[in-house]
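Step one of this worksheet: look at the structure below.
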Amino acid sequence: MNVLLLGSGGREHALAWKLAQSPSLDTLYAAPGNPGIAAHATCVALDATDHGAVVEFVRGHAVELVVIGPEAPLVDGLGDSLRAAGVRVFGPDKAAAQLEGSKGFTKDLCRRADIPTAGYVRVASRAEAEAALAGTFSYPVVIKADGLAAGKGVVIATSEAEAAGAFDAMFAGGDAPVVLEEFLDGEEASLFVLTDGTALLPFGSAQDHKRVGEGDTGPNTGGMGAYSPAPVLTAALEARAIAEIVAPTVKALAEDGTPFSGVLYAGLMLTATGPKLIEYNARFGDPECQVLMLRFQGDLLALMLAVAEGRLAEFGDAHFADDVAMTVVVAAAGYPGTPRAGGAIRGIDRAEAGGAVVFQAGTRQAGETLVAAGGRVLAVTAGGPDIRAARDAAYRGVDAIDFADGFCRRDIGWRELAR
Ligand code: AMP
Ligand code: GLY
């Protein structure tokens, strides 16, 4: 079977690495891919916003499954265009991808289906936001831009002055959809569940580190490292999150005639009264996908095909190694601001010979040399019988790599290590 994978990050390198292990794979195409993905796939230049061009490529290359890695093409309706052309797709349609594309959509669905989440108000202008704040909320209050914001659209304001500052930014261009939320207290964990719109298959848990600095300080990033599983999400809490949050979401979307097909990534807050939904993503996390793929023991292509064809109920459980996996992101100096491009990267083979798997995120081949071409550059990933062993193996990998322009956090997994 020929497969087309869309995307170019560390998440897609991990998916390509795992898809390449499938016995039923013939040719894997990746668009645009990256030098790491090129070890497993034929990389092609395709503009994912040009749906007609993607359909034409699929037809011309006998592609039987398209795997959409990032959120933007999902929210843009590429899944709809491919399905309309009779192509199997891993990833939801535009309507169901609103779970990630619009925070207001998700909050309204939670209210309707009685799903535990933070109390909220949707507003459309600064005047409405100020009125809602005065009437309903205490501090801290969480202020969110409604659309896709790559993790940068959330402000936790602890005072009226901080809220006013957030409003200055969010309403700088005039009226805009914004969600105000009650602040939830607890530890965050991520739960992944595959669904074909009806059946659910739990697909592992993880915790990531969103802040750029050690001790979880400094600006938010896409994620500086992650580990799986997340023991804080016990089997009992996971079962509760599925029963109270994920299952009612899947059911509500199906009843609306817009079933969700793909992977649901639930960002949970584990509060004193149980798991509550912080947000949904309509795709795998990056770098959470890297640790999930290292642990997943099954045939990813067969599983994705079962999701795409609505046959997930036949599939049984997903098997994961008992090992703990950790990934440490190596970013280019300047990230999450303007990352320095072009820094030479050497020693990936040395890191891999030592047992790590190095997934490439923002890299480019410049002649013979691999160089940095993005904020997050590498995700150095390793497993071990416990979190300490996984951590040691991942950092051994990091230390084998020579990338003078790069930096990483040295404390990935600190919460779990402290426990
Ligand atoms: P989001 O983009 O909705 O995932 O928000 C980004 C981050 O902001 C989350 O990972 C949380 O750390 C934090 N956050 C979002 N909503 C809340 C909330 N209601 N209470 C506490 N923290 C939140
Ligand atoms: N690592 C967070 C995300 O993928 O959204």
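What follows is calculated from the coordinates using simple rules that are stated; it is not laboratory data. The structure displayed is predicted, hence computed values, not measured ones. We place every Cβ from the backbone using ideal geometry, glycine too, and count neighbours over all the protein chains shown.
Computed values, structure above
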read-out: The range 345-419-the range 277-297 distance, computed between alpha-carbon centres (Å); value: 18 Å
read-out: Relative contact order (percent, whole number), the chain, Cα cutoff 8 Å, 6+ residue spacing; value: 16 percent
read-out: Reduced Cα scattering model of the range 1-118, Debye log10 I(q)/I(0), q = 0.13, 0.16, 0.23, 0.24 Å⁻¹; value: -0.53, -0.73, -1.23, -1.32
read-out: Members of LYS18/LYS210; LYS144/LYS210; LYS107/LYS144 lying beyond 18 Å, as alpha-carbon distances in this model show; value: LYS18/LYS210
read-out: Most mobile of PRO23, PRO275, PRO229 in a GNM of the chain (Cα contacts under 10 Å); value: PRO23
read-out: By average C-beta atoms within 10 angstrom, highest first, the peptides 130-136, 205-211, 335-341; value: 205-211, 335-341, 130-136
read-out: Residue among TYR227, TYR280, TYR139 with the largest mean-square fluctuation in a Gaussian network model of the chain, springs linking Cα atoms under 10 Å; value: TYR139
read-out: Most mobile listed residue (GLU128, GLU187, GLU368) in the chain, GNM with C-alpha springs under 10 Å; value: GLU368
read-out: Dimensionless Rg/Rh of the chain - Kirkwood Rh, Rg from C-alpha atoms; value: 0.95
read-out: Mean shadow area of the range 82-212, taken as a quarter of the surface of its Cα convex hull (nm²); value: 10.5 nm²
read-out: Aspartates and glutamates whose Cα lies under 13 Å from that of LYS94, excluding same-chain neighbours fewer than 8 positions away; value: GLU71, ASP76, ASP80
read-out: Packing-based order for 191-204, 369-382, 28-41, 172-185, using average beta carbon neighbours within 10 Å, highest first; value: 369-382, 28-41, 191-204, 172-185
